[in-house]
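Here's the structure, in structure tokens; my notes come after.
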Amino acid sequence: MSLKDKLFEKYFKRSLWVYHANAGGCNGCDIEEINAFTPYYDAERFGLKLVGSPRHADVLLVSGPVTRNAEPRLKLLYESMPGPKVVIACGSCAVGGGIWFDSYHVLGGCDKAIPVDFYIPGCPPRPEAILWGAAVAMGLVKGKAKPCFYRQPADEAVAAALNVAAPAEELVKK
């Protein structure tokens, strides 16, 4: 078990303060993320709380593909968070670039700019999926679908979700 995993187990079981950032998407994921914090889904019962500053956050919840304009600001957000910190890529765009993955202004998924710990796929992911991903991050439940939630690089997660083989370069590296 790595040091980061031990820190997750010790400090993130009680509550997570979440800072939400959009890196350039269509706002579909943003609506679902905020919906997860409404009284209907009540994310606060799990100890999740939205905060207004990355300096107070434990978790950076990123939606949207990383655009060239958003990359330096996303890195600045990540660096301004106190450690230990968790990054959750939420939605197909944050996981692998979504439908804009090959556009000139899009770098790709969130992992192209900052290290990502957990992935929540979907376009947009339902509030239940967002809460499940947060529960996996907190260690409240074990991840059922390893490619979707538990620390797998985005290109492999996308390949697993589409049931296609990983790129040839990745297979050679292993």
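The values are calculated or read from the model by the stated rules, or taken from the named source; none is laboratory data. A quick note: this is a predicted structure, and the numbers were derived from the prediction, not measured. In this analysis, Cβ positions are derived from the backbone assuming ideal geometry, glycine residues included, and neighbour counts consider all displayed protein chains.
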- All positions within segment 88-115 that are out of contact with any Cys (no Cβ under 9 Å at 6 or more places or on another chain) and in a loop (DSSP other than H, G, I, E, B): Gly97, Asp102, Ser103, Tyr104, His105, Ala113, Ile114, Pro115
- Query: Is there a residue being within 16 Å of Gly133 (Cβ to Cβ), among the hydroxyl-bearing types (Ser, Thr, Tyr) and part of a strand (DSSP E or B) anywhere in segment 37-47?
  - Reply: no
- Task: Sort out which residues of segment 116-135 are within 17 Å of Gly97 (Cβ to Cβ) and part of a helix (DSSP H, G or I), and write them in order of number.
- Result: none
- Task: Return the pairs, sorted by first residue and then second, in which the second residue is outside any strand (DSSP E or B) and modelled with pLDDT of 90 or more, the first residue lies in segment 78-97 and is within 18 Å of Gly52 (Cα to Cα) and of a type in the set (D, E, K, R), the beta carbons are less than 8 Å apart, and the residues are 6+ apart or on different chains.
- Result: Lys85/Ala57; Lys85/Tyr78
- Taking segment 1-40 on its own, how many of its residues are at pLDDT below 85, among the aliphatic types (A, V, I, L, M) and surrounded by 12 or more Cβ atoms within 10 Å (Cβ to Cβ)? 2
